[in-house]
Amino acid sequence: MKSNVTAIVSTKDRYYTSLPNLLVSIALQTVKPERLIIYDDGEQKDLRSEPLYTNIFLLLQSVGVDWEVKFGKRMGQVHNHQSSIEDVKTEWIWRLDDDNVVEANCLENLLKNIETNVGAIGGLVLDPKLNQMNNTLASNDIEDIFLGLNIQWFKWEGVREVDHLYSTFIYRKEAAKHGYCLDLSRVGHREETMFTYEMKRSGWKLIVDSSAVTWHMRNDNGGIRSNTSASMWQHDEEIFRKKLQEWGVNPRNIKLIVLDSGIGDHFVFKKALALIKERHKDIVLAVCYPQVFEDDKDLILISIAEARQMTNIDEHNVYRWMDQRNWKESIEDAYLRMYI
């Protein structure tokens with residue numbers, strides 16, 4: 001069974017690491033894309049003469065997926081993604097990263113969500129090395145962008161409408177008339193957030209279906225973002241923050257407090273909490289004993305495991321903090337100094 005979809009991947013110097021895994025997983029989809037375009041920003045070899053790729057390309061051909069390798073401009077993934085909008089002739093585009101492996105029914109499950117007003121559909125993008133337990137704070141609301149907790153990174157069940165998508169997703173070519181932000185550096189930081197939120201602003205629905213799973217096999221070698229500098233990330237972040245201002249988005253600013261300690265310390269902290277709440281209006285409290293704070297409806301309580309997904313919780317250890325400062329006063333005063 002074919003679909004009205006072209007799969008595209010922007011790649012660099014991952015010929016013999018993660019790229020082959022992605023291509024095979026595309027070939028083994030229960031619903032195949034009509035076409036695959038590979039944008040090569042690396043050495044730009046003739047892969048047809050490489051034995052590994054001879055087999056992969058024959059596999060794609062045998063299952064009915066047309067394929068093509070295009071040499072990129074070596075200007076980074078954003079420019080390759082922009083080129084794909086111009087090159088693709090199908091109604092839908094499936095953008096993938098060269099360190100992805102897609103589960104066999106991924107495209108089929110994405111396609112199930114197509115409706116006339118849907119502009120893009122994503123699934124879960126899971127890193128096998130990370131804790132995939134769902135996080136209470138995970139959100140794809142644009143106001144929550146700086147929480148760093150995308151719902152696509154965690155396991156949950158169902159379908160949700162969102163403000164923006166991450167990494168890999170299918171999108172309707174008609175919904176992409178605004179194009180990608182070509183002012184970004186080769187890093188392409190925040191490119192997919194800006195790209196998909198502009199769809200949302202234009203009236204298209206964005207969907208995440210948790211039954212469509214992609215595995216993100218992070219690879220430190222090669223990749224579009226290799227040989228880049230911190231200044232590139234900073235440059236892109238400044239562009240993104242200006243975009244937020246243009247859009248009138250006021251990002252949520254939470255204060256995370258972690259109590260990875262005994263119940264006695266929870267009660268000591270509770271005595272300091274009133275003064276801390278005067279300084280911080282949006283407090284998220286990670287605790288071992290939630291019953292201590294069950295009467296406070298203004299607090300958002302999460303588990304210690306969820307806090308570990310967000311930060312290095314050792315930095316919140318009050319006893320470590322006191323030891324580093326040769327603290328002679330009370331633990332309550334230490335909490336006040338830490339969090340006010």
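Please treat every number below as a calculation from the coordinates, not as lab data. Treat the numbers as computed from the prediction; the structure is a model and nothing was measured. Here Cβ is always computed from backbone atoms with ideal geometry, including for glycine, and neighbour counts include all displayed protein chains.
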Row for region 112-265, column shape: gyration tensor on C-alpha, a ≥ b ≥ c, rounded if a/c < 1.5 i.e. under 1.5, prolate if a/b over b/c, else oblate; value rounded
dims of region 1-140, Cα set, principal axes, largest to smallest, nearest Å -> 48, 34, 28
With label points set 7 Å from each Cα along the Cα-to-Cβ direction at T17 and I313, the distance between them in nm comes to 3.2 nm
Over the chain, the sum of -39500 (n - 2.57) across DSSP H runs of at least four, divided by residue number and rounded to 500 deg cm²/dmol, gives at 222 nm -9000 deg cm²/dmol
With DSSP loop assignment and no more than 13 other C-beta atoms within 10 Å, the trypsin sites (Lys or Arg not before Pro) in region 241-319 are K281, K297
Those GluC sites (Glu not before Pro) from region 1-102 that are DSSP loop and have at most 12 other Cβ neighbours within 10 Å turn out to be E43
Here, trypsin sites (Lys or Arg not before Pro) of region 1-89 satisfying both criteria (DSSP loop; at most 15 other Cβ within 10 Å) are K45, K73, R74, K89
Which residues qualify? For G123, with a placed amide H closer than 5 Å and at least 5 residues away or on another chain, they are D209
Spelling it out for V69: with amide H atoms placed in the peptide plane at 1.01 Å from N, the residues 5 or more places away or on another chain with amide H under 5 Å from its amide H are I38
Here D for region 233-335, in µm²/s, from Stokes-Einstein with a Kirkwood Rh over Cα pairs at 25 °C and 0.890 mPa s, works out to 157 µm²/s
In degrees rounded to 10, the 0-90 angle between helix 77-87 Cα long axis and the longest Cα principal axis of the chain is 40 degrees
Sorted by chain and then number, the residues having a modelled amide H within less than 5 Å of the amide H of V284, at least 5 places away or on another chain, are K255, L256, I257
Going residue by residue through region 115-123, the Karplus relation 6.51 cos²θ - 1.76 cosθ + 1.60 with θ = phi - 60° gives ³J(HN,Hα) values, rounded to whole Hz and with x marking Gly or Pro, of 9, 4, 9, 8, x, 7, 9, x, x
Note to self: C-alpha centroids of region 250-279 and region 149-218 sit apart, in Å, by 34 Å
Taking Cα pairs closer than 8 Å and at least 6 residues apart, the relative contact order of the chain in percent is 17 percent
In order over region 17-30: 3J(HN,Hα) from phi, Karplus 6.51/-1.76/1.60, θ = phi - 60°, whole Hz, x for each Gly or Pro, gives 10, 9, 4, x, 4, 4, 5, 5, 5, 5, 4, 8, 5, 5
Given unit charges at Cβ for Lys, Arg (+) and Asp, Glu (-), the dipole magnitude of the chain about its Cα centre in debye, nearest 20, is 340 debye
Answer check: the chain, Cα atoms, Kirkwood Rh, Rg/Rh ratio of 1.04
